[in-house]
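The structure appears below as structure tokens.
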Amino acid sequence: MHDNTTSERAAGFLLGLLEAGEAERVRRRIGLRPSPPDGESGESEEAADARRSVYSWWTRTPVPSSVLLWVLEEDDPELNALVWRHLSADDAMRRAIVRGIPHGPGRGQPVPVAKSLRREPEPPVPEHFSRFGLVGALRASRSMGPARKAASMVVGHPGWKAVAAADLERALPGYARWALAVRPDCPPALRERFGSHAKFTHRVRQSGVVDGPARYATTWSPADRVLRVLSLGRTMFPARVREAEDVLRPLVRDHLGDREDAWAVLAQLVGTYYGTVPELLVTAGAVA
């Protein structure tokens, strides 16, 4: 590998889990250059181009909706703008962004809207919401389309509190419950109330709801995409990315360590490997 491609970022993320001296020695021996910076004051034009290329890849790459929520939890206006532009973002996320709704724990103040988004309109309000209000629109939903539109109007803690109270008073219709359950910001206790059997939780996972970065790092695939997303985590969701680092670090140590031959195999495999990250590490270590 000789270019700073996004696949190099994937291998670079794993190398970052080694001790600094070990990582640098392996990096030199297998010809892997450092990943392009995610943004620095006084960065060169070449570095700025590399950063823009990485962010362009990010906004065009499908990711589980929970990944976007981890970014929103940073309550950073510029990161929110990257979520807004992401192809996996939905109306509920964009609505929260332009309203300045905080997602991080303990933050009470509105999040400023990035300058680049100040002229962006809020997603349209569903007609049945205007007629019936939030709870009425959810109860009136008799198919998935209207249910998803109504669910997109649940914004922030007050919205989820109203939904939980309404469902406790009288169970919401099935379509509404499902549309709410697949929102990544649905409170876990409320999602469990909507359904907790294996088939339900499997479908929730398929919809893009992930129970934390550690599970994303170890159970999602392909490994290359997962690692590239995690390589941006130190910039885009630094409060959560450590969960992924902590679960992968012992696997990297056990299967690759500082063995240059194993890292060389991983560098060759990572761009085309379709299994999970743990499976990639096991394979690279075994082949070497």
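The values are calculated or read from the model by the stated rules, or taken from the named source; none is laboratory data. On a predicted model such as this, the values are computed, not experimentally measured, just so you know. Positions of Cβ are generated from backbone atoms using ideal geometry, with glycine treated the same way; all protein chains shown enter the neighbour counts. Ligands, DNA and RNA are excluded from the accessible area calculation, which covers all protein heavy atoms including side chains. Shrake-Rupley method; radii C 1.70, N 1.55, O 1.52, S 1.80 Å.
Within the span defined as the range 195-215, every residue fails to be of a type outside the set (A, V, I, L, M, F, W, C), touching a residue at least 24 places away in the same chain (Cβ under 8 Å) and farther than 25 Å from M93 by Cβ. Are any of the residues in the range 111-131 touching an Asp or Glu at 6+ places or on another chain (Cβ under 6 Å), of a type outside the set (G, A, S) and not in a helix (DSSP H, G or I)? Checked against the condition, which is being touching an Asp or Glu at 6+ places or on another chain (Cβ under 6 Å), of a type outside the set (G, A, S) and not in a helix (DSSP H, G or I), the range 111-131 yields at least one hit.
Matching residues to (1) closer than 15 Å to G233 by Cβ; (2) open to solvent by 70 Å² or more (accessible area, probe 1.4 Å); (3) modelled with pLDDT of 90 or more:
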| position | (1), (2), (3) |
| --- | --- |
| F13 | yes, no, yes |
| A23 | no, no, no |
| R28 | no, yes, no |
| L32 | no, no, no |
| A47 | no, no, no |
| P62 | no, no, yes |
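Taking the stated definitions as given, is P158 open to solvent by 10 Å² or more (accessible area, probe 1.4 Å), farther than 30 Å from P238 by Cα and not hydrophobic (A, V, I, L, M, F, W, C)? Judged against the criteria, P158 is not a match. When restricted to residues that are of a type in the set (A, V, I, L, M) and under 13 Å from L15 (Cα atoms), the range 257-269 contains 4. Applying the set (1) of a type in the set (F, W, Y); (2) within 13 Å of the chain's Cα centre (by Cα); (3) open to solvent by 50 Å² or more (accessible area, probe 1.4 Å) to W220 leaves exactly one unmet item: (3). Only residues that are touching a helix residue (DSSP H, G or I) at 6+ places or on another chain (Cβ under 6 Å), among the hydroxyl-bearing types (S, T, Y) and open to solvent by 70 Å² or more (accessible area, probe 1.4 Å) were counted in the range 105-148, giving 0. Taking first residues from the range 262-281 that are open to solvent by 20 Å² or more (accessible area, probe 1.4 Å) and partners that are among the acidic types (D, E), the Cβ contacts under 8 Å between residues at least 6 apart in sequence or on separate chains come to G271/D224; T272/D224; Y273/D224; Y273/E279.
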